[in-house]
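Report on the structure given below.
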Amino acid sequence: MSAKGVWKYEDSALLLIDYQKEMFEQIRSETPAALIDLNVRLPIKAAKAFNMPIVLSTVGVQMGVTQPTVPPILDELPDVKVSDRASMNAWEDRAFRDAVEKTGRKRLIFGALYTEICLAFPVVDALKDGYDVTFPVDAVGGMSQLAHGTAIQRLAHAGAVPNTALALVTELFRDWASPVAGKGRDLVKWYLAKLAKIHAQALKAA
(Lines give C-alpha, C1' and ligand atoms only; values in the text may rest on other atoms or scores of the structure.)
Protein backbone atom coordinates (compact mmCIF):
# COMPACT_ATOMS: atom_id res chain seq x y z
CA MET A 1 0.00 0.00 0.00
CA SER A 2 1.27 3.46 -0.80
CA ALA A 3 1.98 6.06 1.87
CA LYS A 4 -1.46 7.55 1.12
CA GLY A 5 -3.12 4.45 2.57
CA VAL A 6 -6.21 2.72 1.28
CA TRP A 7 -7.72 3.58 -2.09
CA LYS A 8 -10.83 5.76 -1.93
CA TYR A 9 -13.35 6.30 -4.69
CA GLU A 10 -13.22 10.06 -4.12
CA ASP A 11 -9.53 10.15 -5.14
CA SER A 12 -9.43 7.62 -7.97
CA ALA A 13 -10.04 7.27 -11.70
CA LEU A 14 -10.48 4.05 -13.70
CA LEU A 15 -8.42 3.61 -16.87
CA LEU A 16 -9.26 0.75 -19.26
CA ILE A 17 -6.98 -0.15 -22.15
CA ASP A 18 -7.36 -2.57 -25.07
CA TYR A 19 -10.13 -4.89 -23.95
CA GLN A 20 -10.56 -5.98 -27.55
CA LYS A 21 -11.45 -9.27 -29.25
CA GLU A 22 -7.95 -9.92 -30.58
CA MET A 23 -6.41 -9.48 -27.13
CA PHE A 24 -8.93 -11.72 -25.36
CA GLU A 25 -8.26 -14.48 -27.88
CA GLN A 26 -4.56 -14.62 -26.99
CA ILE A 27 -4.84 -14.73 -23.20
CA ARG A 28 -2.90 -17.70 -21.85
CA SER A 29 -2.42 -16.71 -18.20
CA GLU A 30 -4.23 -18.08 -15.16
CA THR A 31 -7.46 -16.05 -15.24
CA PRO A 32 -9.68 -17.18 -18.15
CA ALA A 33 -11.26 -14.66 -20.49
CA ALA A 34 -14.75 -15.05 -18.99
CA LEU A 35 -13.45 -14.16 -15.53
CA ILE A 36 -11.39 -11.24 -16.85
CA ASP A 37 -14.53 -9.90 -18.49
CA LEU A 38 -16.42 -10.15 -15.18
CA ASN A 39 -13.54 -8.69 -13.20
CA VAL A 40 -13.38 -5.69 -15.53
CA ARG A 41 -17.10 -5.06 -15.44
CA LEU A 42 -17.12 -5.03 -11.61
CA PRO A 43 -14.85 -1.96 -11.26
CA ILE A 44 -16.69 -0.32 -14.16
CA LYS A 45 -19.98 -0.71 -12.30
CA ALA A 46 -18.30 0.55 -9.13
CA ALA A 47 -16.86 3.58 -10.89
CA LYS A 48 -20.29 4.47 -12.25
CA ALA A 49 -21.99 3.88 -8.90
CA PHE A 50 -19.41 5.97 -7.04
CA ASN A 51 -19.17 8.72 -9.70
CA MET A 52 -15.53 8.01 -10.53
CA PRO A 53 -14.08 9.20 -13.87
CA ILE A 54 -13.49 6.49 -16.50
CA VAL A 55 -11.04 6.66 -19.41
CA LEU A 56 -11.34 4.07 -22.20
CA SER A 57 -8.72 3.43 -24.89
CA THR A 58 -8.28 1.03 -27.80
CA VAL A 59 -5.41 0.39 -30.16
CA GLY A 60 -5.43 -0.05 -33.93
CA VAL A 61 -9.16 0.25 -34.59
CA GLN A 62 -8.94 3.25 -36.92
CA MET A 63 -6.01 1.58 -38.65
CA GLY A 64 -8.20 -1.44 -39.40
CA VAL A 65 -5.94 -3.79 -37.46
CA THR A 66 -8.21 -4.62 -34.52
CA GLN A 67 -11.85 -4.52 -33.50
CA PRO A 68 -13.32 -2.15 -30.88
CA THR A 69 -13.77 -2.87 -27.18
CA VAL A 70 -15.72 -6.12 -26.75
CA PRO A 71 -19.51 -5.56 -26.42
CA PRO A 72 -20.01 -6.81 -22.82
CA ILE A 73 -17.54 -4.19 -21.60
CA LEU A 74 -18.46 -1.44 -24.05
CA ASP A 75 -22.14 -1.86 -23.18
CA GLU A 76 -21.28 -0.84 -19.61
CA LEU A 77 -19.84 2.45 -20.91
CA PRO A 78 -22.44 4.11 -23.14
CA ASP A 79 -21.42 7.64 -22.13
CA VAL A 80 -17.63 7.16 -22.19
CA LYS A 81 -15.71 8.43 -25.21
CA VAL A 82 -13.26 5.91 -26.66
CA SER A 83 -9.76 7.14 -27.50
CA ASP A 84 -8.16 5.03 -30.25
CA ARG A 85 -4.41 5.17 -30.78
CA ALA A 86 -1.46 3.67 -32.64
CA SER A 87 1.09 3.38 -29.80
CA MET A 88 1.23 0.25 -27.67
CA ASN A 89 1.94 2.62 -24.77
CA ALA A 90 -1.28 4.56 -24.09
CA TRP A 91 0.69 7.05 -21.98
CA GLU A 92 2.45 8.22 -25.15
CA ASP A 93 -0.89 9.07 -26.77
CA ARG A 94 -1.81 12.73 -26.34
CA ALA A 95 -5.58 12.17 -26.32
CA PHE A 96 -5.27 9.50 -23.64
CA ARG A 97 -3.02 11.67 -21.48
CA ASP A 98 -5.34 14.63 -21.88
CA ALA A 99 -8.28 12.49 -20.78
CA VAL A 100 -6.37 11.29 -17.70
CA GLU A 101 -5.34 14.81 -16.76
CA LYS A 102 -8.90 16.04 -17.25
CA THR A 103 -10.10 13.68 -14.49
CA GLY A 104 -8.12 15.68 -11.95
CA ARG A 105 -7.32 12.46 -10.08
CA LYS A 106 -3.80 11.42 -9.08
CA ARG A 107 -4.65 7.86 -8.06
CA LEU A 108 -5.21 5.66 -11.10
CA ILE A 109 -6.77 2.21 -11.33
CA PHE A 110 -5.47 0.54 -14.48
CA GLY A 111 -6.85 -2.42 -16.38
CA ALA A 112 -5.44 -3.57 -19.72
CA LEU A 113 -4.66 -6.44 -22.05
CA TYR A 114 -1.95 -7.58 -22.15
CA THR A 115 -0.35 -7.33 -18.71
CA GLU A 116 3.18 -7.36 -20.10
CA ILE A 117 2.62 -4.71 -22.78
CA CYS A 118 -0.46 -2.46 -22.73
CA LEU A 119 -0.65 -2.48 -18.93
CA ALA A 120 3.06 -2.40 -18.10
CA PHE A 121 4.12 0.40 -20.43
CA PRO A 122 1.66 3.13 -19.37
CA VAL A 123 1.81 2.15 -15.70
CA VAL A 124 5.57 2.63 -15.41
CA ASP A 125 5.27 5.99 -17.18
CA ALA A 126 2.38 7.10 -14.96
CA LEU A 127 4.42 6.23 -11.88
CA LYS A 128 7.34 8.21 -13.26
CA ASP A 129 5.04 11.20 -13.69
CA GLY A 130 3.98 11.11 -10.04
CA TYR A 131 0.69 9.19 -10.14
CA ASP A 132 -0.25 6.44 -7.71
CA VAL A 133 -1.26 3.26 -9.52
CA THR A 134 -3.09 0.08 -8.62
CA PHE A 135 -4.36 -2.71 -10.87
CA PRO A 136 -6.55 -5.78 -10.32
CA VAL A 137 -4.46 -8.79 -11.32
CA ASP A 138 -7.58 -10.85 -12.10
CA ALA A 139 -8.89 -8.23 -14.55
CA VAL A 140 -5.76 -8.38 -16.71
CA GLY A 141 -4.04 -11.18 -18.59
CA GLY A 142 -0.94 -12.05 -20.55
CA MET A 143 0.05 -14.14 -23.55
CA SER A 144 1.59 -16.65 -21.14
CA GLN A 145 1.59 -17.19 -17.40
CA LEU A 146 5.30 -16.34 -17.35
CA ALA A 147 4.72 -13.05 -19.18
CA HIS A 148 1.79 -12.13 -16.95
CA GLY A 149 3.60 -12.99 -13.72
CA THR A 150 6.81 -11.27 -14.75
CA ALA A 151 4.88 -8.09 -15.62
CA ILE A 152 3.16 -8.09 -12.23
CA GLN A 153 6.56 -8.36 -10.55
CA ARG A 154 7.91 -5.57 -12.72
CA LEU A 155 5.02 -3.26 -11.87
CA ALA A 156 5.14 -4.04 -8.15
CA HIS A 157 8.88 -3.31 -8.09
CA ALA A 158 8.18 -0.02 -9.88
CA GLY A 159 5.68 0.97 -7.18
CA ALA A 160 2.28 -0.05 -8.53
CA VAL A 161 -0.04 -1.87 -6.12
CA PRO A 162 -1.44 -5.27 -7.23
CA ASN A 163 -4.96 -6.03 -6.04
CA THR A 164 -7.97 -8.12 -7.07
CA ALA A 165 -11.23 -6.81 -8.48
CA LEU A 166 -13.51 -7.59 -5.55
CA ALA A 167 -10.97 -6.51 -2.93
CA LEU A 168 -10.39 -3.26 -4.82
CA VAL A 169 -14.09 -2.42 -5.02
CA THR A 170 -14.65 -3.10 -1.32
CA GLU A 171 -11.57 -1.03 -0.52
CA LEU A 172 -12.97 1.92 -2.44
CA PHE A 173 -15.92 2.27 -0.02
CA ARG A 174 -14.83 0.05 2.94
CA ASP A 175 -17.62 0.91 5.40
CA TRP A 176 -20.98 -0.88 5.22
CA ALA A 177 -22.56 2.26 6.74
CA SER A 178 -20.99 4.70 4.27
CA PRO A 179 -23.14 6.86 1.96
CA VAL A 180 -22.45 4.47 -0.94
CA ALA A 181 -22.73 1.25 1.07
CA GLY A 182 -26.08 0.31 -0.47
CA LYS A 183 -24.60 0.53 -3.94
CA GLY A 184 -21.56 -1.38 -2.71
CA ARG A 185 -23.70 -4.22 -1.36
CA ASP A 186 -25.58 -4.44 -4.64
CA LEU A 187 -22.29 -4.65 -6.54
CA VAL A 188 -20.93 -7.43 -4.33
CA LYS A 189 -24.18 -9.44 -4.64
CA TRP A 190 -24.19 -9.00 -8.43
CA TYR A 191 -20.56 -10.07 -8.67
CA LEU A 192 -20.88 -13.16 -6.48
CA ALA A 193 -23.95 -14.34 -8.41
CA LYS A 194 -22.15 -13.96 -11.75
CA LEU A 195 -19.04 -15.64 -10.34
CA ALA A 196 -21.06 -18.63 -9.15
CA LYS A 197 -22.56 -19.05 -12.64
CA ILE A 198 -19.13 -18.98 -14.27
CA HIS A 199 -17.77 -21.56 -11.83
CA ALA A 200 -20.84 -23.78 -12.38
CA GLN A 201 -20.39 -23.60 -16.15
CA ALA A 202 -16.72 -24.47 -15.80
CA LEU A 203 -17.53 -27.53 -13.66
CA LYS A 204 -20.16 -28.67 -16.13
CA ALA A 205 -17.68 -28.36 -18.99
CA ALA A 206 -14.94 -30.24 -17.13
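The values are calculated or read from the model by the stated rules, or taken from the named source; none is laboratory data. Remember, it's a predicted structure, so these values are computed and weren't measured experimentally. Positions of Cβ are generated from backbone atoms using ideal geometry, with glycine treated the same way; all protein chains shown enter the neighbour counts. Calculation scope for accessible area: heavy atoms of the full protein, side chains included, ligands and nucleic acids excluded. Shrake-Rupley method; radii C 1.70, N 1.55, O 1.52, S 1.80 Å.
When you count, for each residue, the other Cβ atoms within 10 Å and take the mean per peptide, how do 190-199, 165-174, 135-144 rank with the highest first?
Working: 190-199: 13.3, 165-174: 20.1, 135-144: 24.0.
So the order, starting with the most tightly packed, is 135-144, 165-174, 190-199.
Between the amide H of T58 and those of D18, S83, D84, R85, distances stay under 5 Å, these residues lying 5 or more places away or on another chain, with hydrogens modeled in the peptide plane. Each DSSP beta bridge with both residues in region 1-151 is either parallel or antiparallel, and the antiparallel ones are about 5%.
Cross-link check: pairs K21/K204; K45/K102; K8/K106; K45/K194; K21/K102 evaluated at a Cα-Cα cut-off of 23 Å; pairs beyond the cut-off: K21/K204; K21/K102. Here the peptides 48-59, 145-156 are ranked by packing, the mean other Cβ count within 10 Å, and the order with the highest first is 48-59, 145-156.
Length gained on full extension, S178 to L146, computed as 0.36 nm times the residue gap minus the Cα-Cα distance: 7.5 nm. Placing +1 on the Cβ of every Lys and Arg and -1 on the Cβ of every Asp and Glu, with nothing else charged, gives the chain a dipole about its Cα centre of roughly 520 debye.
What is the calculated FRET efficiency for H157 to K204, with r their C-beta to C-beta distance and R₀ = 30 Å, to the nearest 0.05?
Working: r = 40 Å, r/R0 = 1.34.
My answer for the efficiency is 0.15.
For K197, the aspartates and glutamates whose Cα comes closer than 15 Å to its Cα, not counting residues fewer than 8 places off in the same chain, are D37.
Applying the Karplus relation 6.51 cos²θ - 1.76 cosθ + 1.60 with θ = phi - 60° to region 157-170 yields 3J(HN,Hα) values of 5, 6, x, 6, 9, x, 8, 10, 4, 5, 4, 4, 5, 5 Hz, where x marks Gly and Pro.
The share of accessible area on region 164-206 that comes from carbon and sulfur is 63 percent, using a 1.4 angstrom probe. Springs join every pair of Cα atoms under 10 Å in this Gaussian network model of the chain, and among S83, S178, S29 the largest mean-square fluctuation is at S178.
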